[in-house]
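**Student:** Below: one structure in structure tokens.
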Amino acid sequence: MERADAARNRARILDAAADLFAAKGAPNVTMDDIAKAAGVGRGTLYRRYPDRASIAVALLDEHERVLQEKLLRGEPPLGPGAAPAERLAAFYAAMVDLLEAHAHLVLGAETGRSRFETGAYGFWRAHVRSLLVAASVPAPDALVDVLLAPLAPEVYSYQRTGKGLSSAGITAALRRLAEGVLG
């Protein structure tokens, strides 16, 4: 059981980090910035969160859990009961929504190689692999990460800000990808 003061500190740290990440972008926020904004000492911050990415992961966790629940038990096409191509397209659309709302967090938590080490990525990977298997696509292990690559936060951010693509346009392109591979 978490002590009351520890719970208050955790909430202050997460609230401060969420505000800073939204205002400045996670890569531009230091651990010192978070400690100062939360009104906690560096030791308190580092005991719970060893780095900025671990804070971003904690902030993302709830949003990702909600999506995971919809994939497991939600209504089709996101949940069970739809064809694999439809489910993958629905997953892509839901991930675009998540990236659109929380790209500043995802960029702090899941960039580069660290993306592959998060629990959420493992879940997304298992989900997409199961869709490939259900569609009888040969060599699913070779394709699963390729199909997840467009959802890398730096790719999404580049498409949105660097290329000026709309989230709807990205979603439509991902739907075509899903239908082309699984359809």
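**Student:** Gap in Å between the Cα centre of the stretch 116-181 and the Cα centre of the stretch 14-78?
**Tutor:** Between the Cα centre of the stretch 14-78 and that of the stretch 116-181, the gap is 23 Å.
**Student:** Moving on. Translational D (Stokes-Einstein, µm²/s) of the stretch 60-182 at 4 °C and 1.567 mPa s when Rh comes from the Kirkwood sum over C-alpha pairs?
**Tutor:** This corresponds to a translational diffusion coefficient of 89 µm²/s.
**Student:** Next question, about the same structure. Using θ = phi - 60° and the Karplus curve 6.51 cos²θ - 1.76 cosθ + 1.60, what whole-Hz ³J(HN,Hα) does each residue of the stretch 4-13 get, with Gly and Pro shown as x?
**Tutor:** In residue order, the calculated couplings are 4, 5, 5, 5, 5, 4, 4, 4, 5, 5 Hz.
**Student:** How about the stretch 133-183: which trypsin sites (Lys or Arg not before Pro) there are in a DSSP loop, with at most 12 other Cβ atoms within 10 Å of their Cβ?
**Tutor:** Qualifying residues, ordered by number: Lys163.
**Student:** How about Lys163: which lysines have a C-alpha closer than 22 Å to its C-alpha, ignoring those fewer than 8 places off in the same chain?
**Tutor:** Lys163 reaches Lys24.
**Student:** How large is ³J(HN,Hα), in whole Hz, for each residue of the stretch 27-43 in order, when computed from phi with the Karplus curve 6.51 cos²θ - 1.76 cosθ + 1.60 and θ = phi - 60°, using x for Gly and Pro?
**Tutor:** Karplus-based 3J(HN,Hα) across the stretch 27-43 equals x, 9, 10, 9, 5, 4, 4, 5, 4, 5, 5, 7, x, 10, x, 4, x Hz.
**Student:** Also, I was wondering about something else. Multiplying the sequence separation of Tyr158 and Asp97 by 0.36 nm and subtracting their Cα-Cα distance, what value in nm do you get?
**Tutor:** Answer, rounded to one decimal: 20.4 nm.
**Student:** Using Cα positions and a limit of under 14 Å, work out the aspartates and glutamates in reach of Lys36, with same-chain residues fewer than 8 apart set aside.
**Tutor:** List returned: Asp15, Asp19.
**Student:** Let me ask something else about it. Apply the Karplus parameterisation 6.51 cos²θ - 1.76 cosθ + 1.60, with θ equal to phi minus 60°, to every residue of the stretch 93-102 and state each ³J(HN,Hα) to the nearest whole Hz, in sequence, with x for glycine and proline.
**Tutor:** 4, 5, 5, 4, 4, 5, 5, 4, 7, 9
**Student:** While we're looking at this one, here's another question. Pulled fully out, how much extra length does the chain show between Ala7 and Val146, if you take 0.36 nm times their separation in residues and subtract their Cα-Cα distance?
**Tutor:** 46.1 nm
Each value in this text was obtained by applying a stated rule to the coordinates, not by laboratory testing. The structure presented is a predicted model; accordingly, all values stated were derived computationally and were not measured. Every residue, glycine among them, receives a Cβ derived from its backbone with ideal geometry; neighbour counts consider all protein chains shown.
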